[in-house]
Amino acid sequence: MHMRTGGPAMAAPEESLRRRKAGNAGAEPGSPPGTGRDPVGCSARLRAGTFWLTRIVLLRALAFIYFVAFLVAFHQNKQLIGDRGLLPCRTYLKSVQQYFRGPVGWDAVSYAPTVLWLLDWSHMDSNLDALALLGLGVSSFVLVTGCANMVLMATLWVLYMSLVNVGQIWYSFGWESQLLETGFLGIFLCPLWTLSRLPRETPPSQIVLWGFRWLIFRIMLGAGLIKIRGDRCWRDLTCMDFHYEVVLIISGNLSFLNWLTMVPSVACFDDATLGFLFPSGPGALKDRVLKLQEETARGARPTLRYGCMVRRAVHVALGVLVAWLSVPVVINLLSPTQVMNTSFNPLRIVNTYGAFGSITKERTEVILQGTASPNASLPDAVWEDYEFKCKPGDPGRRPCLISPYHHRLDWLMWFAAFQTYEHNEWIIHLAGKLLANDATALSLLALNPFKDRAPPRWVRGEHYRYKFSRPGGQHAAAGKWWVRKKIGAYFPPLSLRDLKDYFRSREWPYPEPD
């Protein structure tokens, strides 16, 4: 028995094949067979080399970091740099003004660029809250909608720069400058006014995209070089024995640094790569981007208007500015005496980065204690520990996981343990506030042993060495995460009366006991 080629047995397959060919007549070379749209999450039909979706992902990622940063500012700035903060920014601005000997002028403003120069200093808490809340509002809008323009992104940058430049030691770390540099580039990624997610006449600038790539290159190169030059354990491959005792991006030890570092990396991926993040379907973003790509492939380009020409000129000027400001950064990277996390201009547009040039092999902590005893030197005086929100204290308390949120006081307490209290005057200011049961300062702590009681008569700082308990060991069996051993005194017992002249000489508000 044999089958005839033109018989009924072949008719149905041939007809089906003709239908499939007809359905694929307009398909692009290399595209998969089929007449329907891409299944959800598939980016195969998107062409490589365009960055419409990349811009949306990048802006949302940047807005998320801004949101976290302004949330931290709203919750903590009043206690740290407010009217009755540990390092009041009003006092700082006055010192800058006095240094330049006169009314607020260009020298003072260029030294500490901040909109607070223009505001009423008699209500600094309200000013700080206003900046943080405005930043939260704008960043929330960009995060939720994926829409932004130069005005909104410039607003976020100016607001955060205004906080960083009066934040003093609380804002003195590399991730602050890194956010400002990333945010500055984000301004030029957007159209001037429109809030369209796909503004046809303003595609993402290649110059700005390369600015982001240059940023992530410097971050990675700087971090690598500072390690090779800074600590022998990196060359011996033993630093990791200490570096990852807690997974950094989860623990939140480094604020939003790890999350922020991922943001400029997004500029390395085009629409074809990131398309899986967006749903498919008629009218969806992927479908609209595909149409834009098809128009470009046919040679259809938007009319070159005056605004587009100005925009291109601005981008070229941005490229020249970044290149010029990168000169000292490159010199620093090549230098055997490389400095990490440094800004070479007050606006922090282009900075040098580098983390963990040296690794601490042990962890020391300052534990603040108070007592109600009238005589701090009595052997039977009962000293009770204050607990911070996210730093080792009680050995039985589990390490916190807060990433990407950041407790600035807890972070600085860790640095204070490397030095003496003479290098960290704010810790004496904090001790004075604890002696007064100051509610504002105590809001930064997790446990006040004198809550609903009279304030302590004395406060002292004790120095301890901490390490993780070993799994299966006696401390772990007893429910203790940490093993600690006392090193000695960090600062001696202090009473509120002892600190009166100290506070007056530094123009700090004298705390009155509640």
Checklist entry - How do the pairs read when you match residues in the range 224-244 that are closer than 15 Å to P336 by Cα and assigned to a loop (DSSP other than H, G, I, E, B) with residues anywhere that are of a type in the set (S, T, N, Q) and modelled with pLDDT under 80, using Cβ under 7 Å and keeping only pairs 6 or more apart or on different chains? => result D231/S358
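Yes or no, residue by residue, for (1) in a helix (DSSP H, G or I); (2) hydroxyl-bearing (S, T, Y); (3) at pLDDT 95 or above:
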| residue | (1), (2), (3) |
| --- | --- |
| G102 | no, no, no |
| D107 | yes, no, no |
| N127 | yes, no, yes |
| V142 | yes, no, yes |
| L159 | yes, no, yes |
| T194 | no, yes, no |
Checklist outcome for this item: Taking the range 429-446 and keeping only residues that are of a type in the set (A, V, I, L, M), open to solvent by 10 Å² or more (accessible area, probe 1.4 Å) and either in a helix (DSSP H, G or I) or touching a Pro at 6+ places or on another chain (Cβ under 7 Å) (or both), one is left with A439, L442
Checklist entry - Are any of the residues in the range 300-308 modelled with pLDDT under 90, outside any loop (DSSP other than H, G, I, E, B), out of contact with any helix residue (DSSP H, G or I) (no Cβ under 7 Å at 6 or more places or on another chain) and open to solvent by less than 30 Å² (accessible area, probe 1.4 Å)? => result yes
Checklist outcome for this item: Looking across the range 340-362 at residues that are of a type outside the set (A, V, I, L, M, F, W, C) and surrounded by fewer than 18 Cβ atoms within 10 Å (Cβ to Cβ), the single one that is nearest to H463 (Cα to Cα) is E362
Checklist outcome for this item: Checked the range 384-428 for anything farther than 21 Å from P449 by Cα, open to solvent by 20 Å² or more (accessible area, probe 1.4 Å) and small (G, A, S); matches are S403
Item to check | Count of residues meeting criterion [farther than 21 Å from N437 by Cβ and either surrounded by 15 or more Cβ atoms within 10 Å (Cβ to Cβ) or in contact with a strand residue (DSSP E or B) (Cβ under 7 Å, 6 or more places away or on another chain) (or both)] in the range 493-514 | outcome: 0
Checklist entry - For the range 68-84, does any single residue satisfy the condition of being outside any helix (DSSP H, G or I), modelled with pLDDT of 95 or more and within 21 Å of W508 (Cβ to Cβ)? => result yes
Checklist entry - Does S265 satisfy the criteria of being in contact with a Cys (Cβ under 9 Å, 6 or more places away or on another chain) and open to solvent by less than 50 Å² (accessible area, probe 1.4 Å)? => result no
Item to check | Filtered residues of the range 469-488 (kept if surrounded by fewer than 16 Cβ atoms within 10 Å (Cβ to Cβ) and not in a loop (DSSP other than H, G, I, E, B)) | outcome: Q474, A476, A477, K485, K486, I487, G488
Next on the checklist: Suppose the filter is of a type in the set (A, V, I, L, M), modelled with pLDDT of 95 or more, touching a Lys or Arg at 6+ places or on another chain (Cβ under 7 Å) and surrounded by 18 or more Cβ atoms within 10 Å (Cβ to Cβ); does L59 pass it?
Outcome noted: no
Next on the checklist: Condition check: charged (D, E, K, R), open to solvent by 10 Å² or more (accessible area, probe 1.4 Å) and either within 25 Å of N258 (Cβ to Cβ) or touching a residue at least 60 places away in the same chain (Cβ under 8 Å) (or both). Does D129 satisfy that?
Outcome noted: no
Checklist entry - For the range 152-163, does any single residue satisfy the condition of being open to solvent by 10 Å² or more (accessible area, probe 1.4 Å), over 30 Å from L80 (Cα atoms), out of contact with any strand residue (DSSP E or B) (no Cβ under 6 Å at 6 or more places or on another chain) and not hydrophobic (A, V, I, L, M, F, W, C)? => result no
Checklist entry - Checking S377 against (1) assigned to a loop (DSSP other than H, G, I, E, B); (2) over 26 Å from V320 (Cβ atoms); (3) open to solvent by less than 40 Å² (accessible area, probe 1.4 Å); (4) modelled with pLDDT of 90 or more, which test does it fail? => result (3)
Checklist entry - Among the listed residues L179, L136, which satisfies the condition of being open to solvent by 10 Å² or more (accessible area, probe 1.4 Å), part of a helix (DSSP H, G or I) and touching a Leu at 6+ places or on another chain (Cβ under 8 Å)? => result L136
Next on the checklist: Considering only residues that are touching a helix residue (DSSP H, G or I) at 6+ places or on another chain (Cβ under 8 Å) and surrounded by fewer than 19 Cβ atoms within 10 Å (Cβ to Cβ), which ones fall in the range 458-468?
Outcome noted: none
Checklist entry - Hey, C190 hits all of (1) open to solvent by 10 Å² or more (accessible area, probe 1.4 Å); (2) in contact (Cβ under 8 Å) with a residue 24 or more places away in the chain; (3) over 27 Å from A355 (Cβ atoms) but one; which does it fall short on? => result (1)
Checklist outcome for this item: Checked pairs for the range 447-458, first among the basic types (K, R), second open to solvent by 70 Å² or more (accessible area, probe 1.4 Å), C-beta under 9 Å and 6 or more apart or across chains, list as R457/P374
Item to check | In the range 196-209, the residues that are outside any loop (DSSP other than H, G, I, E, B) and free of Cβ contacts under 8 Å to residues at least 12 places away in the same chain | outcome: Q206
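The values are calculated or read from the model by the stated rules, or taken from the named source; none is laboratory data. A quick note: this is a predicted structure, and the numbers were derived from the prediction, not measured. Every residue, glycine among them, receives a Cβ derived from its backbone with ideal geometry; neighbour counts consider all protein chains shown. Note: accessible area is taken over every heavy atom of the protein model, side chains too, but ligands, DNA and RNA are not part of it. Shrake-Rupley method; radii C 1.70, N 1.55, O 1.52, S 1.80 Å.
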